[in-house]
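Right, one structure below, let's go through it.
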């Protein structure tokens, strides 16, 4: 177990390096001169030249990468050329927003997906199964930006119940925060709910045919107790560990959801920065995201191992 | 007795309510750095109009009115502008605005590395402090657009003390002299400004706070206004205007811009110009212009929220050259011209950015010109890429708009002067350059107008840019908001705005 | 995941493989949802191929007088912001979406499977490098990668397909590699190697047939994801460029008119949903049919 952990940790650093090289390389290949993009309407040649020097664009690629790595090791992820704010500040400002969105989405997904999965497993072959299955399919088949637009149309424009965009920190006004986040969290969580439902279903099916469940039934316990207390509890761990791996999907989905609902989170920051050729920001965000993803993967793997002694060999 | 107390308490509360007012503005983009010297975006100017006062301002008719300047006078030879600074003005940090501060600011605009105002103030050679409240700007040659330049960011005054203290970081905590001072900014989320009690014109300021929220999606921006989360939004989608006016629940402003929407044609920027009949032959370009139905374009692309035009200023502008009126669509003549040029079916690529307006224009132009025999291929490129291509001359024609400047020179010089930065067409004519210099040196509007007419005759003959129309600035705001001034630069002025309870 | 019985010789393996496939097919056809999925996919394919005959009007024909008209007898799905018929555009748009889905996944398969085979088979340093690179790719959010690549290549349907295909490759690399590692240790493979078969022949005749089943399932599901990815890229302006119709770019334009002309958004969105749903149903059915451990 310890050995496994060490081995995994050892692979994290080279992976991160590769990620940074990949994104760095990709960005530098993007056509278009960032100095020109940032020089604004007037395109004053002096300003363009000044920006080019500031962005080290006059230096060769490996040198630029070197500058960036040196900065990262010092804790300086660079500066957003557009707003002159340090990337680290931007990351720290926006990460909590996307994390909140992702957590809310995951919570919604759990609230919808697990019961649906249980219903589907218990009512296997019946209409309930079909219904739950259909629901899960709807979740993974609907493009989330389309759903978002439709929800805005309904709840913000027509009914006026919820705000169409914006974000208020939960520490400032919890109610406004939830009102603004509920639609995007639902849109985002919808897709994951479908996947979670499937994981739950298969985990429950496996568990329900286990010996201890049969014993519980033989003991005369009600079906509901059997399902909820015994089966579900044991099925939960693999469900959650597998679900945590969906974080990657959540982050991808957050990109578009944040665009549609104008939520000032990571996803929106990255997309805008790619279009603005704000290299440092994209670099920093992808690095942080990749680190988070790798860490979570590691934790999920550990949890999975911890839970399932059979896999430890 | 209790009743009286209650009533007076309620009145007090009511008064307090009236005073604790926040104006919530929705912007179409997130501004860039909030430093007038370095600022490069249009949307940043909206925030500046509440944050930073400038020497002069413009009114609804594009007249120059004093703001931080009290009065001005040109010297006899027009090579020096003497400005008397308004007394009693302080910056947000308490420092006084005086002639020394103005000198500091002009020099900062000219010398700060990365300053975007350098080109605008290039004609100013030096600044003299005549006395404590009088400053003189010296010019190499008379420069008529100077006053107009000082109504924008080049005329904005920041606190010298703060600028020197903050240095590079000035943009994260700008200290200016406008009605509101900077409180905080969260990138892509909000900019918060707070009432400055030392403002010289504070009796006309009726808000305690102003917040600017960038919401790029026009539909979402409007939804926010409708649901009451915002009080004012800029750049409403033209397709939403009709319904808004009919519904009568929100107020709408439609102001003709000082900029334009046009198509820039590569006539000399690169080799490519010679390889394409459109770039090579002015007759083909004339045929192209004649095959366009500008009114139709305005209708389809902007839902008629635009005024057709064929010059860098709108037909309603005082400096519009009446000797070159907007041509009517004439397919027959277009075909004849193409025949005479020997290319009955010219083909070229129209470059656009991926913005929906630009793409719609391209599609409509493609359809309209097909009738005359043109085969237009559309190439969409992301903004950054398309800028690069334009700069290199890697295009045949490019759909490009310009936000506009109060003085026609701002819409003209950088575009049609030889080798100027925004001259993507690659137009170069010694004759035109001479006329451009002349137009800048004459202070008398009537004399300038004559020169502009000559420039129009020269330039429009070659058609480096086919001007299509002048869009309307479309604003929507709460019916409780009054005092909104329809100034053609598209910037909301917060002074004078009142919100009914 | 080997649902197939262990043969003792290559020839016998080939013979016995016919059995399981036929069994799988029978299982598939018994599931109604999978059949529905297959039927819908087929329907869209027909629409794509015969768009020219089926679509009532020219999808790029603009009409200034008919801008943003609600659905009517003349235009069943209404018209868009340039007066074009939405129904015709939706029908023609099927081509873009299906192409995007299938071509992207084909690219991913063509790149991913050989790389995965190499990694699994050759092991050692090759495996290490490939695995690290795959991990790196998978650690970047898929859409960010796709956006950056599409921005780099330039906005067009072809480039979007390449971007999505490359972004989806790592999954297939991983899948193939895992299968190879599983199968590598089987007796018959050891035997084949002992006899002196070159690795490529072993890969082709023994490993590949075992990998096919999960690959088919993953491919079907990836097509669904690719269709959504293309719509997402077009939504951001990086996919199919106007005037050519694509459901994603239609949604991109439609979002500006959601108040005035909601039909512009409803029909393309619904189409994406149906197509993706169909592929998911089909994929589910295939997964169940090919893996007896489920159910």
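All of the numbers you see were taken from the coordinates with simple rules; none came from a lab. Predicted model only: the values in this text are computed from it and were never measured. In this analysis, Cβ positions are derived from the backbone assuming ideal geometry, glycine residues included, and neighbour counts consider all displayed protein chains.
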Report summary line: Quick note on B:355, B:177, ordering by fewest other C-beta atoms within 10 Å, gives B:355, B:177
Report summary line: Averaging 1/r across every pair of distinct alpha carbons in chain B and inverting yields a Kirkwood hydrodynamic radius, in angstrom, of 24.4
Query raised in the report: What is the log10 of I(q)/I(0) for region B:251-408, computed with the Debye formula using one identical point scatterer on each Cα and no solvent, at q = 0.09, 0.12, 0.13 Å⁻¹?
Result: -0.30, -0.54, -0.63
Report task. Take the Cα gyration tensor of the protein assembly as shown, multiply each eigenvalue by 5, square-root it, and list the three semi-axes largest first, rounded to whole angstrom. Result -> 57, 35, 29
**Report entry** Tilt relative to chain A, helix A:174-208 - C-alpha long axis, 0 to 90 degrees, to 10
**Finding:** 50
Report summary line: Summing -39500 (n - 2.57) over every DSSP H run of at least 4 residues in chain C and dividing by its residue count gives a helix-only mean residue ellipticity at 222 nm, to the nearest 500 deg cm²/dmol, of -24500 deg cm²/dmol
Query raised in the report: In degrees, nearest 10, range 0 to 90: what is the angle between the Cα axis of helix C:208-235 and the longest Cα principal axis of chain C?
Result: 20
Query raised in the report: Roughly what angle does helix B:356-370 make with the longest principal axis of chain B, taking Cα atoms, 0 to 90 degrees, to the nearest 10?
Result: 20
Report task. Give, in whole angstrom and from largest to smallest, the semi-axes √(5λ) of the equivalent ellipsoid of region B:202-248, with λ running over the eigenvalues of the Cα gyration tensor. Result -> 24, 14, 9
Requested in this report: Please grab the % of Cα pairs in region C:141-293 that end up more than 18 Å from each other.
Outcome: 67
Query raised in the report: When averaged across all projection directions, what area in nm² does the alpha-carbon convex hull of region B:327-445 cover?
Result: 9.4
Report summary line: Cα extents of chain A along the principal axes, largest first, in whole Å, come to 84, 58, 34
Report task. Mind checking C:251-261 for the average number of partner chain beta-carbons within 10 Å of each residue's beta-carbon? Result -> 6
Query raised in the report: Restricting the count to DSSP beta bridges whose residues both fall in the protein assembly as shown, what percent are antiparallel, rounded to a multiple of 5?
Result: 80
Report summary line: Mean 1/r over distinct Cα pairs of region B:46-168, inverted to a Kirkwood Rh in Å, yields 14.6
Query raised in the report: Where both residues lie in chain B, what percent of DSSP beta bridges are antiparallel, nearest 5?
Result: 75
**Report entry** Exposure proxy order (Cβ contacts within 10 Å, fewest to most) of B:52, B:428
**Finding:** B:428, B:52
**Report entry** When the convex hull of its Cα atoms is projected in every direction, mean area for region B:240-311 (nm²)
**Finding:** 6.4
Requested in this report: Order by neighbour count: C:81, B:371, fewest other Cβ atoms within 10 Å first, most last.
Outcome: B:371, C:81
Query raised in the report: To the nearest whole number, what is the average tally of beta carbon atoms from other chains within 10 Å of the beta carbons of peptide C:232-240?
Result: 4
